[in-house]
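No lab work stands behind these numbers, since they all come straight from the coordinates. Since this is a predicted model, take the numbers as computed values, not measurements. A quick note on method: Cβ atoms are made from the backbone with ideal geometry, for glycine too, and the neighbour counts reach across all protein chains shown.
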Amino acid sequence: MNNDIVLNTLRFIGLLLLQFFVMDQILFLGYINPMVYILFIVLYPMSNKRWTLLFLSFALGIIIDTYQDTGGAHAAAAVTLTYVRPFLLKLVFGESYLMRNVKVMESSLDRIALIIGLSIVVHHLVYYSLIIFNVVQVLEILKLTLVVGIATFFVSFVLTVLFSKKASL
């Protein structure tokens, strides 16, 4: 149990620092910067309490909102992703999720890619909907979700594979 606490604390701080000092400095084509901090929510152990993850997701989002001055959009998107996460895990892992014997980092690469991709779509749709907050610009929301989502997916998937103990095809 202590190992999980240390690992999650290091993951929280590491992804937060990576987001601040590396990813926020990347502005590819002037507007694309990957949001890798959502990996914390995706990789959080299922055996821990859901309320703890909701609190940590909110804290993570508020810290990033404070740093980026985005007015709560990151916090709302992170909490929404945390709320939807059990449904996504059930969709991707099926019966294994219901039996609580799934560890995302020890899954096959296709399942890791699927859960990361679905999480990015949910997070980015909520985030960009709140940032733009205009129904007329729905195409802009979808464009940003797609383009930034692809960049986020690529970086997140590479990070997950690099730090995975047992990722296999």
- Query: Ordered by residue, what ³J(HN,Hα) values in Hz, to whole numbers, does the range 33-44 give under the Karplus form 6.51 cos²θ - 1.76 cosθ + 1.60, where θ = phi - 60° and Gly and Pro are x?
  - Reply: 9, x, 10, 7, 4, 5, 4, 4, 5, 5, 8, 4
- Query: In debye, nearest 20: dipole of the range 1-140 around its Cα centre with unit charges on the Cβ of K, R (+) and D, E (-)?
  - Reply: 480 debye
- Message: Given all pairs of different Cα atoms, what value in angstroms does the Kirkwood hydrodynamic radius of the range 2-163 take?
- Response: 16.0 Å
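Which value at 222 nm does the chain reach when only helices count, each DSSP H run of 4 or more adding -39,500 (n - 2.57), with the total divided by all residues and rounded to the nearest 500 deg cm²/dmol?
Helix contribution divided over all residues of the chain: -23500 deg cm²/dmol.
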- Message: Which one, Ile62, Ile132, Phe87, is farthest towards the positive end of the dipole of the chain when Lys and Arg carry +1 and Asp and Glu -1 on their Cβ?
- Response: Phe87
- Task: Would you be so kind as to identify which of Leu142, Leu43, Ile32 lies farthest towards the positive end of the dipole of the chain, taking Lys and Arg as +1 and Asp and Glu as -1 on Cβ and the Cα centre as origin?
- Result: Leu43
- Message: If R₀ is 45 angstrom, what is the calculated FRET efficiency for the pair Thr66 and Glu106, using the beta carbon separation as r and rounding to 0.05?
- Response: 0.85
- With label points built 7 Å along Cα→Cβ from the Cα atoms of Lys143 and Phe20, find their separation and express it in nm. 3.3 nm
- Message: Given an 8 Å cut-off on Cα distances and at least 6 residues of separation, report the relative contact order of the range 2-163 as a percent.
- Response: 24 percent
- Pairs of lysine residues in the chain - Cα separation under 27 Å, sequence separation of 8 or more or cross-chain: 9
- R0 = 45 Å: FRET efficiency of Phe133 with Asn3, Cβ-based, nearest 0.05? 0.60
